[in-house]
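Working notes, structure below.
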Amino acid sequence: MPIVPSSIWFLRKHDNGEIFGPISFEHIREWASNAYVNPQDSISYDGVNWTKAPMITELQMDWLIETPDYPLYGPTTSGAILEFLRIGEITSRAQLINCCTAERMILSDAPFFDAGVPSFLNDALPVPAKSGIKLSLQQRIRDLEIELLEKRVQINTANQKIVRLEVRLHDLDAQLKEAS
């Protein structure tokens, strides 16, 4: 999807469905750079068709973070990684993977490490809550637990239907044997 910077855009937060916008794409890009957009969030140019934020190349959500206690986090932006470093969620020894090149490195060796945390536009727009590695993973775990429960219900329903169909098949077999 071609990005038209002057057009209006919307951001939908994955965790609560809250929608921000209409705003410029530049605002969304800055939010992504400052850890306000997490990998599960979606953006839209019309409020109807939504795309996961990491799929939008112009957001540069090109990095995965490996942490010892959690699985991979991301993809996210270099600015978000620096914000996670600033707030103490990761250290300069955090392992990174560049999604574009598959290169692995520690944060202190990353090309953006000395750039510092990007500045943020100071304006009157409401700002989404910042994403954090631990919070996003906890939400993902909750989402997966809910999905697991839904799948279990579907499996139980399917198993009950199988039992009913097996009984019906048995009855039909018995009728067929009686008829012949």
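When residue 42 is evaluated against the numbered criteria (1) closer than 23 Å to residue 141 by Cβ; (2) crowded, with 18+ Cβ neighbours inside 10 Å; (3) at pLDDT below 95, which criterion, by number, is the only one it fails?
So residue 42 meets the others, but not (3).
Hey, can you tell me all the residues within the stretch 77-102 that are basic (Lys, Arg) and assigned to a loop (DSSP other than H, G, I, E, B)?
93, the sole residue that qualifies.
Would a scan of the stretch 76-84 turn up a residue that is under 14 Å from the mean Cα position of the chain (by Cα), hydroxyl-bearing (Ser, Thr, Tyr) and buried (at least 23 other Cβ atoms within 10 Å of the Cβ)?
Checking the stretch 76-84: at least one residue is under 14 Å from the mean Cα position of the chain (by Cα), hydroxyl-bearing (Ser, Thr, Tyr) and buried (at least 23 other Cβ atoms within 10 Å of the Cβ).
Can you tell me which condition residue 105 does not meet? The list is (1) at negative phi; (2) touching a residue at least 24 places away in the same chain (Cβ under 8 Å); (3) outside any loop (DSSP other than H, G, I, E, B), and all the others hold.
Checking residue 105 against (1) at negative phi; (2) touching a residue at least 24 places away in the same chain (Cβ under 8 Å); (3) outside any loop (DSSP other than H, G, I, E, B), the one that fails is (2).
For every residue, the table says whether it meets (1) farther than 22 Å from residue 19 by Cβ; (2) at pLDDT below 90.
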residue	(1), (2)
46	no, no
66	yes, yes
83	yes, yes
90	yes, yes
99	yes, no
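Does residue 34 satisfy the condition of being modelled with pLDDT under 95 and loosely packed, with under 14 Cβ neighbours inside 10 Å?
no
Within the stretch 57-75, can you find the residues that are over 16 Å from the mean Cα position of the chain (by Cα) and assigned to a helix (DSSP H, G or I)?
58
The values are calculated or read from the model by the stated rules, or taken from the named source; none is laboratory data. Please read all numbers here as calculations on a predicted model, not as lab measurements. In this analysis, Cβ positions are derived from the backbone assuming ideal geometry, glycine residues included, and neighbour counts consider all displayed protein chains.
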